[in-house]
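Contents: one structure, followed by commentary.
Derivation of every value follows stated rules applied to the coordinates shown; laboratory data play no part. Keep in mind it's a predicted model, so treat the numbers as computed, not measured. Positions of Cβ are backbone-derived with ideal geometry, glycine not excepted, and every protein chain shown enters the neighbour counts.
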Amino acid sequence: MNKPTSWDNGLIVYPVETLEGYHITHVSLGEESLVGWDYGAGLRGPQCLWPYVAAGDHNNIQVINCLKIQPTWMEDNGDKINKLRIGELAVPGTHNAGAWRFDTEISTVSRDLFVLCQDRSIWAQLVYGIRYFDFRIAYYDFYPNVEDRYWLNHNLIRVRPLVPLLREIKSFLDSTKEYSLMLTIFPWASTSTTVHQSDRFMQVF
């Protein structure tokens, strides 16, 4: 996507009258393209999303920037972060990472407001640069297929099946040289009376 070169290309232009402050644009980022990373590996390095943000005088754009995806930030900064301990890194993460869209029949607008914590898929979160996921995993033994029994929950509410999301993570790691990904597995709900759910999960994982 080419950078705008003139105010004539501006979606919205705000006159700035003070040295401090901010403007609310009311322009939503929406379900934008992931700049070549929608379904597989694209260009390495940060890539600009639409729209750009610019500043300047009445005649010319002097400074321009954008929100960016960061699909390969670990690879890009390998020379620096390879020398650091985990505790010295600032790793971007998401709370209740799997709670981004329901895959069950119970989804309603009112419930979504209280249950869903993210607005991007696991793949999109990885492309944006997330490398730490908070997963709340539950086990439901009434599904015939073992892989279908593992779900990502928000507390006791089923949100999405787990295994397809693990495949998304594997596909991303296979497509990049990103070499560190952290998962926090919280205690899960279960309909099983057995005590070996964790062993079963590790086999699936």
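Per this entry, Val63 is not counted among residues that are on the phi > 0 side of the Ramachandran plot and hydrophobic (A, V, I, L, M, F, W, C).
Selection of region 124-179 for residues being under 22 Å from Gln70 (Cα atoms) and either hydroxyl-bearing (Ser, Thr, Tyr) or touching a Cys at 6+ places or on another chain (Cβ under 8 Å) (or both) yields Tyr128, Tyr132, Ser171, Ser175, Thr176, Tyr179. None of Ala41, Ala54 is surrounded by 15 or more Cβ atoms within 10 Å (Cβ to Cβ), among the small types (Gly, Ala, Ser) and under 25 Å from the mean Cα position of the chain (by Cα) except Ala41.
If a residue must be surrounded by fewer than 19 Cβ atoms within 10 Å (Cβ to Cβ), out of contact with any helix residue (DSSP H, G or I) (no Cβ under 6 Å at 6 or more places or on another chain) and in contact (Cβ under 8 Å) with a residue 24 or more places away in the chain, how many such residues does region 162-175 contain? Steps first, answer last, please.
First, the residues of region 162-175 that are surrounded by fewer than 19 Cβ atoms within 10 Å (Cβ to Cβ): 163-164, 166-171, 173-175.
Cutting the leftovers down to out of contact with any helix residue (DSSP H, G or I) (no Cβ under 6 Å at 6 or more places or on another chain) gives us 164, 166-167, 169-171, 173-175.
Okay, now just the ones that are also in contact (Cβ under 8 Å) with a residue 24 or more places away in the chain, so 166, 169, 171, 175.
Total meeting the criteria: 4.
Cβ-Cβ contacts under 7 Å between residues 6 or more apart (or on different chains), taken from a first residue in region 73-93 that is surrounded by 10 or more Cβ atoms within 10 Å (Cβ to Cβ) to a second residue that is aromatic (Phe, Trp, Tyr), are listed as Met74/Tyr179; Val91/Tyr132; Pro92/Tyr132; Gly93/Tyr132; Gly93/Phe133. Scanning region 57-72 for residues that are loosely packed, with under 15 Cβ neighbours inside 10 Å and polar (S, T, N, Q) yields Asn59, Asn60, Gln62, Asn65.
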